[in-house]
Structure formats: structure tokens, C-alpha cells
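The values are calculated or read from the model by the stated rules, or taken from the named source; none is laboratory data. In this text, all values refer to a predicted model and were calculated from it rather than measured experimentally. Using ideal geometry, Cβ is built from the backbone for each residue, glycine included, and neighbour counts are taken over all protein chains shown. To get the accessible areas, we keep the full protein, side chains included, count just its heavy atoms, and leave off ligands, DNA and RNA. Shrake-Rupley method; radii C 1.70, N 1.55, O 1.52, S 1.80 Å.
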Amino acid sequence: MARPLTNTESDGALYERPLAVEAQIDRAVRLSRSDLQARLLITDWNDPGYLCSESFVHLVREGRRAGDQQLISAVLPVLLGRCEANLLVKVPDGGVPDAASLRQEILENLTDLFVADGTGDFPDELDFYECRFNKAFRALRIDAVRRDARRRKRSIAMVNLPPSEGAGEPGAYEDAFARVSESFRVLPTQEWDVFREPFMKAIEALPADEREAVILVHVLGYKEESEDPDEETAATRCNCTGRTIRNRLTRAAAKLSRFKEEL
């Protein structure tokens, strides 16, 4: 019988494999290596010998638990090959910028789940992949595509500071930069149109590390740092500590304060 799953649904119920998957896993784990190798090569879904991806996941996990590298090496590349074929359709060249790199990132994310299986804060994250592989992999793919889109949007924002032209209220950028220092917080709102363009030039004139910290924290809204190791923050983006980010913001604030005084 297949090893029971330990991850739970939102209501606290344990994940359960579909009965057909459970039965196939029970048969697959008893196959000889030569028979298993033959079954791995079957690609026709309608073939009685076809192994579903949920069974692949279980076999790889069992190989890790048993330290059976031969089993892992036989099964995992075939599973990744299936996923790559799916990605060629779902993340096609021309569909997104640098699609090949994004596809590779998604496959690496899946591989990382196997490497981390049984460890860390989510030791049973692959349980869902043994129940609904296609749904789980789709979520992994969508998350990666969205992260990539956010990265590209942020990169554009880092290169292109907001334009000096603006209508109506000073808007979000006044609010963002007003938080840089106490002295700039007291800048009267009616003065913003006069100060906007020179202030943006002052931002551009900051040293690169200070400018990046200001934009990440006060324009793009990143936290300075986080206790969550997986959360993207200004510190992780700049590959430094939160303290370093705060020091850069302090230096930038001092320069911007002097800028205000000089106007």
C-alpha cells in the first residue's frame, strides 16, 4: 500500500489520492526495474501500461526516502520531460519575453520541491502533486509567470522614474517620497508642482545604491527586510541586509533634505 499522505486541506482533512492513482501506485512500486523502465517509455494516455504523473511523483519521493538514486534517475527525467512538453505549449517562444529561461525556471522550481521534500517548513508540499499533478503544476507555472511579469514591471520602473508631467493631485509619488525623511514630510502640497521636476532630478542624482533603495521601498513598496526567507524585499533585491537598506535610505534622506533647503 502506498505511503499515506500527511498534508491537509483547508478544512483539516488529509489529502487523499484518487482511487485509480492509489491503485496504480500500488502496482508501480512492485514493478521490477526493467518493467518499470518499459512503462516509463509509454506516452499514450490510452495505453493500459501508461503511468500517470502522480505515480511518477510518488516513485521519485520513495526513491529519495530510500536513498535509491537509480530509481530517481530513471523516473525524474521522464517526468520533467513531460512537464517541458507542457511548457512548450503553455509558455511558448514569443508568448512572453525570454520564454526559454522562464520554462527552465519553472522546471527548476519543480525540481527544488523534490530536493526539499521532507524538510523545511513545508515537508509534505508534494502531497498535492500525488493527488492532482496537473492542477498543482499549473499553479506552479502560473505563479512563475506572474513573478516574472512583476520582475519585468519592477525593472522597467527602476529604469524609468515617473515623468515630471502630471495633472491634478500630486498623487502617489508625493506620498512615496514624502516618507523619505521627516523634513520632506512637511513639504506643503501646493509647492509640489514647483518642486516635482527638480526633486526627481535629485533622486536621479543620488548614488546608485541609495537611489535603488529609495525606489524599491518608497516607489515600488518593497519592505526593507522580512523574517520570511521567501519574501522578496529591498534587502533581497539588493543582496544586502535590512540594516544596509536603512542606512542607504538615511543617507538619501539627508541629501534630499538638503535639496529642499536649497530651493
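Some observations on this one:
- In segment 132-146, the residues that are free of Cβ contacts under 8 Å to residues at least 24 places away in the same chain and under 22 Å from Glu22 (Cβ atoms) reach residues that are open to solvent by less than 100 Å² (accessible area, probe 1.4 Å) and of a type outside the set (Val, Ile, Thr) with C-beta atoms within less than 7 angstrom, at least six apart or across chains, in these pairs: Ala136/Phe128; Ala136/Tyr129.
- Here Thr6 meets the list (1) in contact with a helix residue (DSSP H, G or I) (Cβ under 7 Å, 6 or more places away or on another chain); (2) outside any helix (DSSP H, G or I); (3) surrounded by 11 or more Cβ atoms within 10 Å (Cβ to Cβ) almost entirely, failing just condition (3).
- Residue within segment 132-152 that is crowded, with 17+ Cβ neighbours inside 10 Å, over 17 Å from the mean Cα position of the chain (by Cα) and modelled with pLDDT of 90 or more present: yes
- Residue check for Ala116: open to solvent by less than 30 Å² (accessible area, probe 1.4 Å) and at pLDDT below 95: no
- Scanning segment 205-222 for residues that are modelled with pLDDT of 80 or more, touching a helix residue (DSSP H, G or I) at 6+ places or on another chain (Cβ under 7 Å) and either in a helix (DSSP H, G or I) or farther than 12 Å from Leu249 by Cα (or both) turns up Asp209, Glu210, Arg211, Glu212, Ala213, Val214, Ile215, Leu216, Val217, Tyr222.
- When residues of segment 223-248 are limited to those that are open to solvent by less than 50 Å² (accessible area, probe 1.4 Å) and part of a loop (DSSP other than H, G, I, E, B), the one nearest to Asp148 (Cα to Cα): Thr233
- Evaluation of Thr111 against (1) hydroxyl-bearing (Ser, Thr, Tyr); (2) closer than 23 Å to Arg61 by Cα; (3) modelled with pLDDT under 55 (one fails), failing number: (3)
- Criterion (open to solvent by less than 60 Å² (accessible area, probe 1.4 Å) and touching a Ser or Thr at 6+ places or on another chain (Cβ under 9 Å)) met by exactly one of Leu40, Leu87, Leu76: Leu76
- Being among the hydroxyl-bearing types (Ser, Thr, Tyr), open to solvent by less than 60 Å² (accessible area, probe 1.4 Å), modelled with pLDDT of 85 or more and touching a helix residue (DSSP H, G or I) at 6+ places or on another chain (Cβ under 6 Å) is a condition met by at least one residue of segment 123-131.
- When restricted to residues that are outside any helix (DSSP H, G or I) and under 18 Å from Arg61 (Cβ atoms), segment 25-45 contains 3.
- If you filter segment 90-113 down to residues that are of a type in the set (A, V, I, L, M) and outside any helix (DSSP H, G or I), you find that the one that is least open to solvent (accessible area, probe 1.4 Å) is Val91.
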